[in-house]
1. Looking only at residues that are assigned to a strand (DSSP E or B) and under 50 Å from the mean Cα position of the chain (by Cα) in the stretch 264-274, which one is modelled with the lowest pLDDT?
2. Output the qualifying pairs, or none if there are none: Cβ atoms under 6 angstrom, residues six or more apart or on different chains, first residue in the stretch 25-40 and more than 16 Å from residue 283 (Cβ to Cβ), second residue modelled with pLDDT of 80 or more and surrounded by 13 or more Cβ atoms within 10 Å (Cβ to Cβ).
3. Looking for whichever is over 15 Å from residue 93 (Cα atoms) and touching a strand residue (DSSP E or B) at 6+ places or on another chain (Cβ under 9 Å) here; the options are 178, 159. Which one fits?
4. Among the residues that make up the stretch 238-250, is at least one of them more than 48 Å from the chain's Cα centre (by Cα) and not assigned by TED's automatic domain parsing to the domain that holds residue 96?
5. Among what's in the stretch 177-188 and is touching a residue at least 60 places away in the same chain (Cβ under 8 Å) and touching a helix residue (DSSP H, G or I) at 6+ places or on another chain (Cβ under 7 Å), pick the residue that is nearest to residue 73 (Cα to Cα).
6. Give me the strands (runs of 3 or more DSSP E) completely within the stretch 126-207, filtered to those with at least 3 residues that are on the phi > 0 side of the Ramachandran plot, within 56 Å of the chain's Cα centre (by Cα) and surrounded by 23 or more Cβ atoms within 10 Å (Cβ to Cβ), ordered by residue number.
7. State all residues of the stretch 394-403 that are within 35 Å of the chain's Cα centre (by Cα) and either without any contact (Cβ under 8 Å) to a residue 12 or more places away in the chain or farther than 19 Å from residue 321 by Cα (or both); if no residue qualifies, say none.
């Protein structure tokens, strides 16, 4: 822990007793207020219960008086209806009075009698009156049809009707207006910021303030039903349905003779507002004292401890960055820290002199490495960490500041095909005399592959265990590429010379076999050699990689295509043929042109030649080159009786060498050739029509 932090901790400890005393006082006051509020809300619930009992006692007395009326006991309809109507006008909060016989039929009502033979003996209050034979408070009823009340929330209250001999002959019931009840409780029971909830034995809310219209007739949520069915009066704190956190006092069903659940509450915020304000003021005073104490401690620590140490650490960081001329300059008299700073400055004076000599030596080594495209590397076997110079990092395609590396990172740089060999040679150096040399490929981040020559030495401890590796990298990519290019050119030259000699030998043998004499042999052989030579010229212009089909056709037909001469028509897309294809197509075109000039369309001024080709693409097989040779307007055509060398050369070149097929038609109007050969997939695609 720093000295400044210790000083701040001491200041904090000095304020701690005050914080403890304030916390103890705050907790005591809050607990006392909680007990006071819990007692207050229970008393408030009892007040609401007393108000309900007063209202129900009044209605009970009223129903007893109604039961004494002869017209009610005897169910004399005209008289009892008028009596109930006049009574209801005097107590408007009772929306309806109704007298039912034992079968639940309406016998007397303050309003119009319900039509039809309706029976209301399934009403809960009706059954409860007959079961208890006494006054009953019913449950929430959304509509009181037996009393002529439609969709209006009411609470039925019932009493048995007895004859002169005390026998129960029916039920007299009144419908209490629950909206009036809500308003009454709001006026007489609920304090400012408070709440009250009354529910029947089914948990249905019959009175609720605030937001009575929202919650009237809704069921109390299931988590709160445990308080409705509790067996003793109590209190709890919870988030009310209207989103206000309250402390609620409650009287459960079993405690109330009317079997109603009653709860009254106060807002937690309002109940503890005074204590919270006092606590906030106390906390702010303590916080202000704490901030003041810590601020003074921090300022003193900053002036006498932190600032001198910052000056010293800034100088150390400058030394680590290589600035050995930086010195520790402390303001004023700093005591022991000044003595320490002076000792450091003397030490760095000596280091600076040695660093100058070391930098000169390193600069000479760096220039030598740069000139030879080299860099140094090292590996600490005990730490499992290695690295290299900035020059080596550049050779490996890394940023110059990337000078440390792990074994796994190094493995990722080496080409996958060379990884095993590289590590095998390193292990061989460890197991041997410690000398190491290897050439392998590395992959740069941009995907380029470079060749590296690596030389190094392994250093061992007294037990001959490897502890350190050092060495140099050299980029030998240019040399490797030159060697590969030289090898490739020699192989290519050897291959092409052999192929050319074999082709010339074959042409000579076949021409001699079909020639009529030395003169015809010389003419045919020279023509075919000239065609082969022209094709070689085209290939040579493109380094023997490819030749354009359009150039091949134009070259062979050049003697017969004059300006504004429409005898020869050539059309087709640009197709670059590989060397083997170009040589065979050159020989085939030469034979076709020679035959047309001697016997076909090109031997007559009225003759016409049409050469077209297309490339048929297909995803399931290689693309097909289709070439069509059509002659017309020349001498009449007859199918030859025997096949000459030219025809055999054409068929062998297309079907034998290029694995294609040829269809020849000797129509009287002119000969036609249809050639089709599969093209290699990597050829240049056709781009335009010729």
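1. To start, the set of residues in the stretch 264-274 that are assigned to a strand (DSSP E or B) comprises 264-267.
Subset that is under 50 Å from the mean Cα position of the chain (by Cα): 265-267.
On the way: 265: 84, 266: 82, 267: 79.
Top of the filtered list is 267.
2. 37/247; 38/235
3. Numbers: 178 fails: over 15 Å from residue 93 (Cα atoms).
Selected residue: 159, the only one of 178, 159 that is over 15 Å from residue 93 (Cα atoms) and touching a strand residue (DSSP E or B) at 6+ places or on another chain (Cβ under 9 Å).
4. Looking only at the stretch 238-250, we keep the residues that are more than 48 Å from the chain's Cα centre (by Cα), and these are 249-250.
From the residues that got through so far, the ones that are not assigned by TED's automatic domain parsing to the domain that holds residue 96 too are 249-250.
Scanning the stretch 238-250, I find at least one residue that is more than 48 Å from the chain's Cα centre (by Cα) and not assigned by TED's automatic domain parsing to the domain that holds residue 96, so the answer is yes.
5. Taking the stretch 177-188 first, the residues touching a residue at least 60 places away in the same chain (Cβ under 8 Å) are 177, 180-181, 184-185, 188.
Those left that are additionally touching a helix residue (DSSP H, G or I) at 6+ places or on another chain (Cβ under 7 Å): 185, 188.
Values: 185: 34, 188: 37 Å.
The residue in question is 185.
6. Working: elements: 141-144, 149-162, 168-177, 194-199.
Passing ranges: none, list empty.
7. First pass over the stretch 394-403, keeping only residues within 35 Å of the chain's Cα centre (by Cα): 396-403.
Passing the criteria: 396, 397, 398, 399, 400, 401, 402.
Yes or no, residue by residue, for (1) under 23 Å from residue 661 (Cβ atoms); (2) at pLDDT below 80; (3) buried (at least 23 other Cβ atoms within 10 Å of the Cβ):
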| residue | (1), (2), (3) |
| --- | --- |
| 566 | no, yes, no |
| 574 | no, no, no |
| 577 | yes, no, yes |
| 604 | no, no, no |
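The values are calculated or read from the model by the stated rules, or taken from the named source; none is laboratory data. A quick note: this is a predicted structure, and the numbers were derived from the prediction, not measured. So basically every Cβ, Gly included, is an ideal-geometry build from the backbone, and we count neighbours across all protein chains shown.
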